[in-house]
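To start, the structure itself, in structure tokens.
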Amino acid sequence: MARLQAPRIRGLRWFTRARLALFGHEELAAILFWAALVGFGGALASVAFRETIRLLHWAFTGRLSGGFVETAAALAGWHRVAVPVVGGLLAGAVLQLGSRLLGARRAVDYMEAVVVGDGAIAGRPTLLKSLSSLLSIASGASIGREGPMVQLAALLGSKLAIAGSAPVPRRRLLVACGAAAGIAAAYNAPIAGALFVGEIVMGSIAMESFGPLLVAAVTANATVHRFLGYGPIFEIPVFSFTSNWELIVYTVLGILLGHAAPSFLALLTGAKRLFGALPLPLYVRLGLGGLVVGLLSLVYPQVWGNGYSVVDAILHGNLIGWMLVGVLVAKLASTAATVGSGAVGGVFTPTLFVGAALGSLAGVVAQWLFPHVVTGSGGYALVGMGALLAATTHAPLMSVLMIFEMTLDYQVVLPLILACVTAHYTAKVYRRGTSVYEDALRPATAEAQQTWQLRTVGALRKPPAAVVARDTRVGDMLARLPARPAETVYVVDEDGQLIALLNPRTLLARVRRREVAADAPVGEVAAVSGYSLTPEMSLTEALEIFLRERATVLPLTSGQWHTRLLGEVSRHDLLLAIQERLSEARGSERR
């Protein structure tokens, strides 16, 4: 009997050790392991989402092979209109019925969970929205599938962190790892996926957080494209760049797309307001959005789906001229109708579509004006994808890496950098510099909309009053302290990592009572460092720690694993900052 129970006991011991390694005070290698696990699970979730789309698409159209555009072109006219309408009605019914069943519970977006939330993502609302998204995408809605895929991967990271009772910072990090995994699995761009989450969502690319993001993204990418054999979503042609004068043309392209991006975002915002003002149930609004897509597909079947095959045709120069203009206008209208009606999905892929179309059109005009400088429109379509992406997300570095990882062609880098940076700064002039993800980065609940909760303690950092090495003698340290000694002395190792802290008044009293020898190393008599603050912590979270620790000053470290001492934060400064945020919030309410 004891032998039979031995494997079970060993398994429980392994789980306990793994849980301690993940959520205890262990080394960073543990979180990298769990980041890889989240990446693997996120990849499987993304693949499952893809295959479910294929099955539902077959149920709607009776065709299992071929893309959305090919399927739409092969269907009869009535069938081509009916599929998006029925899919929209079903998707809206799922959302409306689910909201009644779940009551006040809502699906927390992964960006909100990382930026202003506690890293907790509810499972049932998220799965409900994913089901609605499946029905919309499978029926030809003009929206991207990357949004639900990223949300599902982030949900996996959240559930893993909650199961282990992880602290809030690590919970947020695992959610971010899931998001990076979802993007890498969708676009075969692991570095850009990690940078997207770091640059746009977390607002930091410090290696302590960026390292786990990279591990999760690379694991997801390898799982989908190496082990499971899925190919890239776009067939990128060889980029041709022959004249240095062409860099000027690419710069002008960035300026043009920088002006076009705010109009594209305004179109989506206006469509949401228009559909939201209609006195119709949610499922009817989604059905109406599907009707717009269906009617447009009678003339341009290219409006069906996310447009991957159409982008390939644009990149290879197979869709040009007035036909491309018509497809672009129809795609803009169908995307606005889909997004405005309330369909669940992403706008990342439609942005790439519009950027490729506008870039190709600009390339045709440039080739007509400068035939000896411009060689073709395919390169301008490729650079246009990155430029419009940079202008809508305000993340030019991520946009450059995204296109570069898709092409793996160094020739595209110089034109791409010029166009992306130019488009970014041009678009910053409009809409107060807001990006397409501005709404997602705002808290959705009324309580979370207080601006003081969005501020972090990083701005309150000040130099530490006293720092000593752990091998410093107690007598030497006390002799070097100023006449008015600091309240806390921080003990660091050779690498500047915080290992302990002490109260100099208490230590001086112990020396006078001969409880501590004056020649003893400081590291042996100091107390082990307790909880520290990190720069990304919100003011409210920091206040909770101050109250729990009953402290008037706390150290500010680089993170929960690499605790490099950055400075200190006083409770007095924190309370003043909270008071200032509250005053700002009251002032905005009066206005």
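Worth pointing out:
- Using a simple spin-label model with pseudo-atoms 7 Å out from Cα toward Cβ, Val238 and Asp573 lie 5.8 nm apart.
- With a Förster radius of 51 Å applied to the C-beta separation of Lys272 and Arg514, the computed FRET efficiency comes to 0.10.
- Computing FRET efficiency as 1/(1 + (r/R0)^6) for Arg124 and Asp495, where r is the C-beta to C-beta distance and R0 is 41 Å, gives about 0.35.
- Under Karplus coefficients 6.51, -1.76 and 1.60, residue-wise ³J(HN,Hα) of region 385-394 in Hz, glycine/proline x: 4, x, 5, 5, 5, 5, 6, 8, 9, 6
- Near the amide H of Val553, within less than 5 Å, lie the amide hydrogens of Arg571, all on another chain or at least 5 residues away, with H placed in the peptide plane.
- Counting 0.36 nm for each residue step from Glu549 to Arg470 and taking away their Cα separation leaves a gain of 26.1 nm.
- Classification of region 245-290 by its C-alpha gyration tensor yields a prolate form. The axis ratio a/c (a ≥ b ≥ c) is 1.5 or more, and a/b outweighs b/c.
- Under 5 Å from the amide H of Glu568 lie the amide H atoms of Lys462, Leu556, each residue being 5 or more positions distant or on a separate chain, with H modelled from the backbone and absent for Pro and chain starts.
- Cα centroid separation - region 343-412 against region 126-145, whole Å: 26 Å
- Phi-based couplings in Hz for region 67-73 (Karplus 6.51, -1.76, 1.60; Gly and Pro marked x): x, 5, 5, 4, 5, 4, 5
- Built amide H within the under 5 Å cut-off of Ala141, gap 5+: Gly305
- Alpha-carbon centroids, region 175-198 and region 237-255: separation in whole Å: 28 Å
- Förster radius 60 Å - calculated FRET efficiency between Ala479 and Trp245, Cβ distance, rounded to 0.05: 0.30
- A straight Cα-to-Cα reach below 26 Å connects Lys331 with the lysines Lys129, Lys272, Lys428, residues fewer than 8 places away in its own chain not being considered.
- Cα shape, region 278-329, gyration tensor, a/c 1.5 rule: prolate
No lab work stands behind these numbers, since they all come straight from the coordinates. Since we're looking at a predicted model, the values are computed, not measured. So basically every Cβ, Gly included, is an ideal-geometry build from the backbone, and we count neighbours across all protein chains shown.
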